[in-house]
Every structure is written in C-alpha cells, then in structure tokens.
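Okay, so here's the structure we're looking at.
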C-alpha cells in the first residue's frame, strides 16, 4: 500500500467502519471495510477518482451487499440441504417434523454436527468422535447438551 492510500484509509477507516456496522453488524464490519478498501485500491480507476471518500462509501455498501447475498445463499443452501437430507424415507417411512428441523438448525454448529451424524447417519459415538477429531466423551457431552436444548425448545412449543 502506498503512502497516499494509507492516509486515505487511516483518515476514513473509523467512519467507514461505523457505516458498515450499521449495515452488516459489528462482527462483519471490519472485514467489509477492509475488503472494500482493497478492492478500491486495486481498481484501475482508483488513481483518477476525485472524491475517494464517496467512492469508498459506495464500495463499502457494495461489499456489504455482497456479504449479505453470500450469507443468504449459504442459508438457502443449508435449508435446502437439510430438507433434502431429511426428506421422507420410503424404506423407513419416517419424515422429521418441521419444528424438529427448526430446533436442530438453532443448535450450535458442534451440537448440530453430532446430532446429524448420530441420528441422521446412525453413527456410533466412537465413529463420530473419530471423524470430528474429538473424544468420545466430547461427543457424549455435546449430544447430551443438544438433546437437553432440543427437549426444552420443543416442550416450549407445546
């Protein structure tokens, strides 16, 4: 990064980060600003931009849109995958209820992983542990916590 670009970044970073925080939230804001700034300074047009501050604001907005589109597409893929992978099984004649799928989706990633491998894939805890690189005890703890959370959430819906 050249000195002029560094000055532009330092001068505008706080304001751009506040702007990004308002759009995408605090967890994504700094990444959005950094990516937008890098895209700007790598663009051929950057040296000829008159109002670099305005250009950066537009770039942050565009990057925020991109991040949100990616998150939306990822969520849609996850929902589609969960629906497809848990569809009615003609052999077993089983179809999970939608409220169960919703409750499983709200578990932490680690809990969801052990639930899916244990119940959907019908793996033993030792196999789950091997594949996830954790101990058998960790699998059992995650299963217990996930089952407790699912029980609590599903009981609250009744």
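None of the figures in this text is laboratory data; all of them are computed from the coordinates on show. Only a predicted model underlies this, so the values are computations on that prediction, with no experimental measurement involved. Here the Cβ is made from the backbone with ideal geometry for all residues, glycine too, and neighbour counts use every protein chain on show.
Each stretch of four or more DSSP H residues adds -39500 (n - 2.57); spread over every residue of the chain, this sum gives -25000 deg cm²/dmol at 222 nm. Please give the helix 52-85 orientation as an angle from the longest Cα principal axis of the chain, in degrees from 0 to 90, rounded to the nearest 10. Roughly 10 degrees, rounded to the nearest 10. Which whole-percent values make up P(r) of segment 89-157 when all C-alpha to C-alpha distances are grouped in 5 Å steps starting at zero? The percentages, shortest bin first, are 3, 17, 27, 22, 16, 12, 3. Rounded to two decimals, the Cα radius of gyration of the chain over 2.2 N^0.38 Å is 1.52. Backbone N atoms of segment 43-68 closer than 11 Å to the 7 Å Cα→Cβ label point of residue 34 are not found in any residue.
With respect to the chain, whose longest principal axis is taken over its alpha-carbon atoms, helix 136-157 is tilted by about 90°. Placing a pseudo-label 7 Å from each Cα along the Cα-to-Cβ vector at residue 135 and residue 154 gives an inter-label distance of 2.9 nm.
Coordinate range of the alpha-carbon atoms in segment 3-83 per principal axis, descending: 51, 25, 17 Å. Multiplying the residue separation of residue 18 and residue 112 by 0.36 nm and subtracting their alpha-carbon distance yields 30.5 nm. Here the relative contact order of the chain, from alpha carbon pairs under 8 Å that lie six or more residues apart, stands at 15 percent.
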